[in-house]
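A.B. asks: Questions regarding the structure given below will be posed in turn.
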Amino acid sequence: MATPQAKPILISGAGLASLLLAQSLRLSRIPFRIYERDSSFHFRGQGYRLRLSAEGLDAIESVLDKPTFAKFWDACGKTGGAGLAAYNAVTGEQTEHKVPEGLASRGGKVVGISRGDMRRIFAEGLEDRIEWGKQVVGYETEGSADQEGGVRLVFADGAKSDWGSMVVGGEGIYSKVAKQLSGGKLKVYDTGARGIHGQAPSTSFKGLGEGVFRLRDDTNERGGVFLITNVRPGELDDPTVEFGWTMVGEPGAIRAPNDDYSVVGKTAADLAKDLTKNWHPKFKPLIDEMKESEAAFWKITCSTPSGVPEWTNDPRVTVIGDAVHSMTPAGGIGANTAVRDSALLGRLLREAGGYKPGVTAAYEKEMRVYGSEAVHESYSTAVRQFSIKIDEETSTTV
Ligand SMILES: Cc1cc2nc3c(=O)[nH]c(=O)nc-3n(C[C@H](O)[C@H](O)[C@H](O)COP(=O)(O)OP(=O)(O)OC[C@H]3O[C@@H](n4cnc5c(N)ncnc54)[C@H](O)[C@@H]3O)c2cc1C
């Protein structure tokens with residue numbers, strides 16, 4: 001167990017990976033602080049739904065205490081029909097019956113949860129450990145790697161955190177900690193593909209029935225467009241329940257005004273409606289009845305497809321989640337891989353009794369293997385599904 005006077009572990013970003021790591025540290029009684037750029041959890045839309053893989057669920061269960069995992073499990077939707085039913089979005093014809101993707105994760109069901117619910121449950125009990133409105137732009141280290149030295153975060157306004165024992169960069173695809181740590185080797189590429197996320201009352205999904213669906217439209221001359229959604233049982237008659245969908249366009253098919261992908265609301269909703277105006281009547285309600293305020297653009301990015309690069313290990317600094325291995329939506333494994341990082345790093349820190357030289361190296365060695373596999377799998381699926389191509393030498397990075 002950590003000594004009471006141990007310096008805290010400083011976590012950058014309060015996303016899914018960081019919060020789950022923080023839960024692990026809390027249960028191990030290892031001191032930590034979290035620094036988040038946003039002013040609260042409600043600062044921006046959190047609506048989209050995450051599908052949880054068997055590995056992701058196991059990782060979450062290995063971290064949370066039993067009552068919290070039970071609450072998490074209750075909040076998850078469980079959908080039958082363990083495959084993905086593919087349709088031609090325009091003709092309404094089923095193109096493939098139950099595409100054999102390994103979607104089911106427990107009890108033969110597809111398990112999913114909204115990002116907002118997941119974050120809310122992961123944040124329970126951490127409220128007084130999060131500092132809001134702290135945009136991390138880098139870190140400074142002092143002294144040796146032993147217990148005497150330290151590291152602190154630097155914020156956009158020039159302020160600095162107190163000294164900590166270790167920094168964990170969990171601030172997503174634009175992570176400055178990742179850039180500094182890896183000397184620019186950790187790169188995130190713009191794939192050119194764009195998405196729109198939307199939400200509509202569950203009653204709008206009645207034409208589909210229960211299951212996981214992929215609707216594809218190849219009639220758009222700017223590029224193919226497809227939509228993925230998960231229709232859960234039991235709630236199709238309750239219009240107060242909303243289901244989400246994610247639309248993805250091949251490069252060129254979806255364009256935000258002025259290429260500004262932070263735009264949310266009506267502009268994104270109108271574009272989604274325009275793109276789908278010739279869709280089959282059983283699918284159109286998903287888009288036509290969407291809640292406009294929840295519509296959001298999404299720039300589809302991916303880390304280096306050939307794998308998580310090597311960098312000179314810094315015993316005091318490491319990176320988790322999208323900051324080290326972001327991926328395309330193909331395969332739905334980004335968050336699942338992120339929570340594996342939290343479980344692994346949390347376990348290694350618990351076994352070491354807090355920060356110790358060697359922990360980050362051991363974590364990175366293991367993470368590089370499954371992180372690289374996940375990025376590669378997601379990238380190769382996206383190449384096939386929505387015609388992206390990354391050239392690691394020349395493609396634009398974000
Ligand atoms: C529409 C959509 C659908 C998806 N569907 C799936 C799915 O079905 N299954 C799946 O596994 N994955 C899915 N993903 C991917 C998944 O959401 C990510 O992989 C996951 O959220 C990564 O978690 P993270 O904690 O690393 O980063 P994030 O969740 O992005 O969290 C990063 C946090 O850091 C904060 N931050 C950013 N910059 C700074 C800074 N400079 N200083 C301080 N804080 C900062 C952010 O505000 C945020 O709170 C989807 C993603 C999208 C967009």
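A.B. asks: I need the phi-derived Karplus couplings for the stretch 187-198: 6.51 cos²θ - 1.76 cosθ + 1.60, θ = phi - 60°, integer Hz, Gly and Pro marked x.
C.D. replies: Ordered by residue, 3J(HN,Hα) equals 10, 10, 9, 7, 7, x, 6, 10, x, 9, 9, x Hz.
A.B. asks: Given H placed on each backbone N at 1.01 Å, which residues far from Ala193 in sequence or on other chains put an amide H within less than 5 Å of it?
C.D. replies: Under 5 Å from the amide H of Ala193 lie the amide H atoms of Ile300, each far enough along the sequence or on another chain.
A.B. asks: Amide H of Val167 versus every other amide H placed in the peptide plane: which residues, excluding those fewer than 5 positions away on the same chain, fall under 5 Å?
C.D. replies: The answer is Leu10, Val317, Thr318.
A.B. asks: Hey, another quick one. What percent do you get for the relative contact order of the chain when only Cα pairs under 8 Å and 6+ apart count?
C.D. replies: 22
A.B. asks: How large is the convex hull of the C-alpha atoms of the chain per residue, in Å³?
C.D. replies: Dividing the Cα hull volume of the chain by its residue count gives 134 Å³.
A.B. asks: As an exercise, identify the GluC sites (Glu not before Pro) in the stretch 162-245 lying in DSSP coil whose Cβ has no more than 10 other Cβ atoms within 10 Å.
C.D. replies: When the GluC sites (Glu not before Pro) of the stretch 162-245 are filtered for loop state and at most 10 Cβ neighbours within 10 Å, Glu221 remain.
A.B. asks: Here's something else I'd like to know. What ranking do 331-342, 128-139, 346-357 get when scored by the average of other Cβ atoms within 10 Å per residue, highest first?
C.D. replies: The packing order, highest mean first, is 331-342, 346-357, 128-139.
A.B. asks: Among Ser293, Ser39, rank each residue by its count of other Cβ atoms within 10 Å, from fewest to most, as a rough exposure measure.
C.D. replies: Ordered from fewest to most neighbouring Cβ atoms within 10 Å, Ser293, Ser39 come out as Ser39, Ser293.
A.B. asks: Related question: What does the helix-only formula give at 222 nm for the chain: each DSSP H stretch with n ≥ 4 adding -39500 (n - 2.57), the total divided by the residues, and the result rounded to the nearest 500 deg cm²/dmol?
C.D. replies: -8500 deg cm²/dmol
A.B. asks: Please list the non-local residues whose amide H lies under 5 Å from the amide H of Phe243, H modeled 1.01 Å from N, same-chain partners needing a gap of 5 or more.
C.D. replies: Amide H neighbours of Phe243, under 5 Å, 5+ apart: Ala200, Ser202.
A.B. asks: Using 22 Å as the Cα-Cα cut-off, could you pick out the over-long pairs in Lys187/Lys299; Lys273/Lys299; Lys109/Lys282; Lys282/Lys389?
C.D. replies: In this structure, Lys109/Lys282; Lys282/Lys389 exceed 22 Å between Cα atoms.
A.B. asks: Which ³J(HN,Hα) values, rounded to whole Hz and listed in residue order, are derived for the stretch 321-336 from phi using the Karplus coefficients 6.51, -1.76 and 1.60 in 6.51 cos²θ - 1.76 cosθ + 1.60 with θ = phi - 60°, glycine and proline given as x?
C.D. replies: Running phi through 6.51 cos²θ - 1.76 cosθ + 1.60 with θ = phi - 60° gives x, 4, 4, 10, 8, 7, 9, 6, x, 4, x, x, 10, x, 5, 5 Hz.
A.B. asks: From the phi angles alone, apply the Karplus equation (6.51, -1.76, 1.60; θ = phi - 60°) to the stretch 365-378 and give each ³J(HN,Hα) in whole Hz, x where the residue is Gly or Pro.
C.D. replies: Per residue, the Karplus-derived 3J(HN,Hα) values read 4, 6, 4, 4, 5, 6, x, 5, 4, 5, 4, 4, 5, 5 Hz.
Throughout, read-outs are computed from the coordinates displayed, never taken from laboratory work. These numbers come from a predicted model, not from an experiment. Using ideal geometry, Cβ is built from the backbone for each residue, glycine included, and neighbour counts are taken over all protein chains shown.
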